[in-house]
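The values are calculated or read from the model by the stated rules, or taken from the named source; none is laboratory data. In this text, all values refer to a predicted model and were calculated from it rather than measured experimentally. In this analysis, Cβ positions are derived from the backbone assuming ideal geometry, glycine residues included, and neighbour counts consider all displayed protein chains. Each accessible area value is taken on the protein alone, full model and side chains, heavy atoms only, with ligands, DNA and RNA left out. Shrake-Rupley method; radii C 1.70, N 1.55, O 1.52, S 1.80 Å.
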Amino acid sequence: QVQLVESGGGLVQPGGSLRLSCAASGTIFSIQAMTWYRQAAGKQRELVAAITSGGMTHYAGSVKGRFTISRDNAEKTVNLQMNSLKPEDTAVYYCNAEIAASSSHSYRNYWGRGTQVTVSS
């Protein structure tokens with residue numbers, strides 16, 4: 001059973017910073033891409049940042065230069081450092097990962113339950 005658990009959300013003032021973390025646990029053979037998504041109230045879920053197992057990164061235009069994604073392959077974690085936060089960054093942030101349970105299993109998408117980030121004065 002594979003689980004993704006996010007942590008680090010909360011309330012922060014505009015211009016502030018937060019660091020989100022996501023830890024994968026369970027029977028895991030390999031993890032490919034790890035991705036952060038977010039969903040604001042009344043809006044569709046959108047990709048925020050992604051990182052491959054080799055460390056290549058991709059960011060949504062709205063967060064480029066403010067957010068940094070990183071991962072620790074040994075610890076099976078992915079982090080999202082969020083700086084210069086804006087009210088429009090308010091959303092539930094979800095962790096997603098492509099995980100194979102064994103060498104004979106294909107990769108599947110797994111989701112965490114999400115962590116709330118609220119940017120408000």
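Structure summary
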item	result
Unmet requirement for residue 99, which otherwise passes all of (1) among the β-branched types (Val, Ile, Thr); (2) closer than 22 Å to residue 16 by Cβ; (3) out of contact with any Cys (no Cβ under 9 Å at 6 or more places or on another chain)	(2)
Long-range neighbours under 6 Å by Cβ, at least six apart or interchain, first residue open to solvent by less than 30 Å² (accessible area, probe 1.4 Å) within segment 28-52, second outside any strand (DSSP E or B)	33/52; 48/60; 48/63
Members of segment 70-113 that are within 18 Å of residue 58 (Cβ to Cβ) and exposed (fewer than 14 other Cβ atoms within 10 Å of the Cβ)	73, 109
